[in-house]
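J.: This is the structure I want to talk about, given as structure tokens.
The values are calculated or read from the model by the stated rules, or taken from the named source; none is laboratory data. From a predicted model like this one, the values you see are computed outputs, not experimental measurements. When we count neighbours, we look across all protein chains shown, and the Cβ atoms used for this are built from the backbone with ideal geometry, even at glycine. Just the protein is used for accessible areas: all its heavy atoms, side chains included, with ligands, DNA and RNA removed. Shrake-Rupley method; radii C 1.70, N 1.55, O 1.52, S 1.80 Å.
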Amino acid sequence: MTFNAAALLLLIAGLALIGWLAGRARSNLLAGRAGAKLHSRPQYHGWYVALWLFAPAALFLAVWSSVSPALITNQVLATEAAQSLPSFGFERGAILSDARAVAQGKQADVRLPAAAPLVKPYADASHKYAWIGIAAMLALALAGGLYAFTRIKPDFRARTRVEKIVMLVLLLASLVAILTTFGIVLSLLFESIRFFRLVSPAELLFGTEWAPTSGAPQPDTFGGIPLFWGTILIGAIIAMIVAIPIGMMTAVYLTQYAAPTVRKWVKPLLEILAGVPTVVYGYFAALTVAPALREFAVMLGIPNASTESALAAGIVMGVMIIPFVSSMADDSINAVPQAMRDGSLALGATPNETIRQVLIPAALPGVMGGILLAVSRAIGETMIVVMAAGLSANMTANPFASVTTVTAQIVKLLTGDQEFDSAKTLAAFALGLVLFIVTLLLNIVALRIVKRYREAYE
Amino acid sequence: MTQDDLTIADPKMKAHGVNVFYGEKQAINDVSIDVGTDLVTAFIGPSGCGKSTFLRSLNRMNDTVASAKVTGQIELDGEDIYAPSMDVVQLRARVGMVFQKPNPFPKSIYDNVGYGPRIHGLAPNKADLDVIVERALVRAGLWDEVKDRLAESGTALSGGQQQRLCIARAIAVDPEVILMDEPCSALDPIATAKIEELIHELRGKYAIVIVTHNMQQAARVSQRTAFFHLGTLVEYGKTTDIFTNPKQERTKDYITGRYG
């Protein structure tokens, strides 16, 4: 007998179904007998019983699943057979897990001879704790179910209770995302602190030399400025030079000129563009755009033109961002009241004048917010730059030269064989933290602008 | 010609047999009306009677609605405004419009008024534009209130001031006709009184057509009144006649408050 959580969950779900039926039947019966009107409809009474039956038992199941292995192991270690185990380390763990696997029937026989005497204690302990767990769970389920069942009366407010429980469940669900974000920040923070013990934050933020070559004779240098510059050159300058005008023009066309049928086709197509995996853009940048740009640069006689140019990555990233900018601009232009447009047209302005002088200025705050969000996406984008931007940390304004970005370096630092506590590896976390903070700030500012703008027209 | 003379010898705008359709639905049915040069003409009628629709066909604002179609003849100074040769941009410069809800642009007061003259190239330089803006604001009765803060946003003004700013904006392009689509319906009584006073002052300088569902307002500001019902023109005549001696039963029922 082992403890199978999935089967047990199914069991209590079945019990909950019975509880649901019973609760519903009882409320009907009571109401019929008393000749009274039920406060809540019968299925709410059913749900009330079912939830009381299911929730405590399921919670117990979750807790027990994580606690019982430790209890089992403790019991095994207390037996005489365990006294001969090596005291610490890898071997002890291997013997224990070997014995556990046999006891649970996952393995036909022990691989380590020392594990053989432990199989029986393990099986006994598992058996015992499985029964304890199942009994406790069933007891909880029945207690919960009975408690709820006895509370059913015609005037019992089952609907209100059920609504409250549902609200709690939804609240818990929404907390998951928030708590995960906290967890991410904390883990980034801890690893970054370890890095900053080895290298000062000032060096990372203001140093101009990036050479994390661990094992080299000269000391590693972690000056982040070349990476930040590369990120800005690709994500905030080149990509935006591509995305802003094209995205804006797309939005203007779609909101002001396009016939409804055209709009119906073009908008979903743009959204598909936004859904293309970034690695596909990466291929496109590395295999098609970059070589073409290099040939073009060589033809113009530009020095140190590279196949891993900032321009190739930036242009493709800009194309990737176009749907993002255009849909934000589209929303902003649509949010400008029709009255504004009519007012301008009624003065004899052409549609073009109306767009340039009234609609776009009126929509500008919203558009700016959208652009900031787009920048924050662009600087966090990884695949395109990993595949197309190269890894040499140059500080150059020449868009045909190779530069590197924060995200590309993070990937480089974390891939390959290396110990997990070297400054080189830890630097990836510090860079991640910087990136996280910058994009967070950008997002906060952008969302504020967008929100204030929305309020202005409501 | 006195203003009380019913015959309009020299109409500014002439509409003849006008129908307006929104898709399949006919919103205006065979309306013929003349708009006098020196007169204020009021369109009254219950909600949905088509008075605003008809007003918007006088400067082709219905063009912005894709499903709208206008048939019949509308002339401005004898020129068919729906003729292919008519430039809608010039038409709207000559026939200005003030809307139900004040809709100043999110620009400065100065730029709101200067917008029209700039796009039509009426002011070759800044000094000329200053003159035009000041004149329009004076005519709209707003100059004294805003002359010290022309750089402030037009949207920061009160509702009544915003509406007078919109009137100044329309005047600044020097139109011949001003169409007003329920210009006071979003304003309080004091602001309404100011707009009505302004309409009195503007009469004679521009042909004015005002849509209103406030019958007292029509009686106060207009010399001609047209009563619309269910997309048709029921009665058109001197305002005093319409309100004291209507010829049609439906008009009488409406102005005495039986329906509407």
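J.: Accessible area of segment B:1-133 with a 1.4 Å probe: how many percent of it is carbon plus sulfur?
T.: 49 percent
J.: Another question about this same structure. Whole-Hz Karplus ³J(HN,Hα) for segment A:119-124, in order, using 6.51 cos²θ - 1.76 cosθ + 1.60 and θ = phi - 60°, x for Gly and Pro?
T.: Values, residue by residue: 4, 5, x, 4, 4, 4 Hz.
J.: Any idea how far the Cα center of segment A:246-263 sits from the one of segment B:36-75, in Å?
T.: 29 Å
J.: Over segment B:105-181, what lengths in whole Å, largest first, do the semi-axes of the equivalent ellipsoid take, defined as the square roots of 5 times the eigenvalues of the alpha-carbon gyration tensor?
T.: They are 17, 15, 11 Å, listed from largest to smallest.
J.: Okay, moving on. Using the Kirkwood radius over Cα pairs, work out the Stokes-Einstein diffusion coefficient for chain B at 25 °C and 0.890 mPa s, in µm²/s as a whole number.
T.: Approximately 130 µm²/s, per Stokes-Einstein.
J.: Turning to a different aspect of this structure: Average partner chain C-beta neighbours within 10 Å, per residue of A:353-363?
T.: Per residue, the number of nearby Cβ atoms from other chains is 2 on average.
J.: Give me a single rounded figure for B:109-121: the average over its residues of other chain Cβ atoms within 10 Å of their Cβ.
T.: If you average over the peptide's residues, the count of other-chain Cβ atoms is 2.
J.: Could you sort the residues of segment B:71-103 by number and keep only those whose accessible area is reduced by 40 Å² or more in the all-protein-chain setting relative to the chain alone, 1.4 Å probe?
T.: Residues losing area: B:Val89, B:Arg92, B:Asn103.
J.: At 1.4 Å probe size, with the rest of the protein present, what percent of the exposed accessible area of chain A is carbon and sulfur atoms?
T.: It is 69 percent, rounded to a whole number.
J.: Estimate for me the total accessible surface buried between chains A and B (protein heavy atoms, probe 1.4 Å, no ligands or nucleic acids), in Å² to the nearest 100.
T.: Chain pair A/B: roughly 1500 Å² of buried accessible area.
J.: Using a 7 Å offset from the Cα along the Cα-to-Cβ direction at both A:Ser422 and A:Arg448, what is the distance between the two label points in nm, to one decimal?
T.: Label at A:Ser422, label at A:Arg448, 4.2 nm between them.
J.: Among DSSP beta bridges whose residues both lie in chain B, state the antiparallel percentage, nearest 5.
T.: Percent antiparallel among DSSP bridges in chain B is about 60.
J.: Moving on. Residue-wise, which Karplus ³J(HN,Hα) couplings in Hz belong to segment B:234-244, taking 6.51 cos²θ - 1.76 cosθ + 1.60, θ = phi - 60°, and x for glycine or proline?
T.: So the J values, rounded to whole Hz, are 7, 8, 9, x, 4, 4, 4, 5, 4, 8, 9.
J.: Over all directions, the average projected area of the alpha-carbon convex hull for segment A:308-434 comes to how many nm²?
T.: 10.0 nm²
J.: Can you list residues whose amide H is under 5 Å from A:Val403's amide H, if they're 5+ apart or on another chain and H is modeled 1.01 Å from N?
T.: The list, which skips near neighbours in sequence, is A:Ala310.
J.: With a point put 7 Å past each Cα toward its Cβ, work out how far A:Ala108 is from A:Leu168 in nm, to one decimal.
T.: Spacing of the two 7 Å Cα→Cβ label points: 5.0 nm.
J.: So, one more: With the Cα gyration tensor of the protein assembly as shown giving a ≥ b ≥ c as the square roots of its eigenvalues, does the rule (a/c under 1.5 for rounded; else a/b larger than b/c for prolate; else oblate) give rounded, prolate or oblate?
T.: oblate
J.: Using the alpha-carbon centroid of each, what span in Å lies between segment B:100-117 and segment A:280-317?
T.: 47 Å
J.: Can you work out the FRET efficiency for the pair B:Thr232 and B:Ser85, with r the C-beta to C-beta distance and R0 = 41 Å, to the nearest 0.05?
T.: With R0 = 41 Å, the Cβ-Cβ based efficiency is 0.85.
J.: Follow-up. Quickly work out the A:Ile437-to-A:Ala116 label distance, labels modelled 7 Å from Cα along the C-beta direction, and quote it in nm with one decimal.
T.: 6.1 nm
J.: Here is a follow-up. Given segment A:127-267, report the % of alpha carbon pairs whose separation exceeds 19 Å.
T.: The calculated P(r) of segment A:127-267 puts 80 percent of pairs beyond 19 Å.
J.: Please list, by residue number, everything in segment B:32-72 whose backbone N is under 12 Å from a paramagnetic label point 7 Å out along Cα→Cβ of A:Ala258.
T.: In segment B:32-72, the label zone of A:Ala258 (backbone N under 12 Å from the point 7 Å along Cα→Cβ) covers no residue.
J.: Over chain A, what relative contact order in percent results from Cα pairs under 8 Å that are six or more residues apart?
T.: With pairs under 8 Å counted, the relative contact order is 16 percent.
J.: If r is the Cβ-Cβ distance from B:Asp10 to A:Ala177 and R0 is 56 Å, what FRET efficiency results, to the nearest 0.05?
T.: 0.15
J.: Now for a different question. Over the Cα atoms, compute the radius of gyration (one decimal) and Dmax (the largest Cα-Cα distance, rounded to a whole number) for segment A:308-351, in Å.
T.: Values for segment A:308-351 (Cα only, Rg and Dmax): 17.1, 53 Å.
J.: Enumerate the amide H contacts of B:Ser108 below 5 Å, restricted to partners 5 or more residues apart or on another chain; note that Pro and chain-start residues carry no placed amide H.
T.: B:Gly154
J.: Find how many whole Å separate the alpha carbon centroid of segment A:320-366 from the alpha carbon centroid of segment B:130-182.
T.: For segment B:130-182 versus segment A:320-366, the Cα centre distance is 23 Å.
J.: Another question, if that's okay. Using only DSSP helix segments of four residues or longer, with each worth -39500 (n - 2.57), what per-residue ellipticity at 222 nm results for chain B after dividing by its residue count and rounding to 500?
T.: Estimated from H runs of four or more residues: -10000 deg cm²/dmol.
J.: Could you derive backbone 3J(HN,Hα) for segment A:71-78 from the dihedral phi with the Karplus parameters 6.51, -1.76 and 1.60 (θ = phi - 60°), listing whole Hz in sequence and x where the residue is Gly or Pro?
T.: 4, 4, 4, 4, 5, 4, 5, 6
J.: Past 32 Å, Cα to Cα, is the threshold; run B:Lys51/B:Lys147; A:Lys451/B:Lys107; A:Lys264/B:Lys14; B:Lys101/B:Lys147 against it and keep the listed order.
T.: Check vs 32 Å cut-off fails for B:Lys51/B:Lys147; A:Lys264/B:Lys14.
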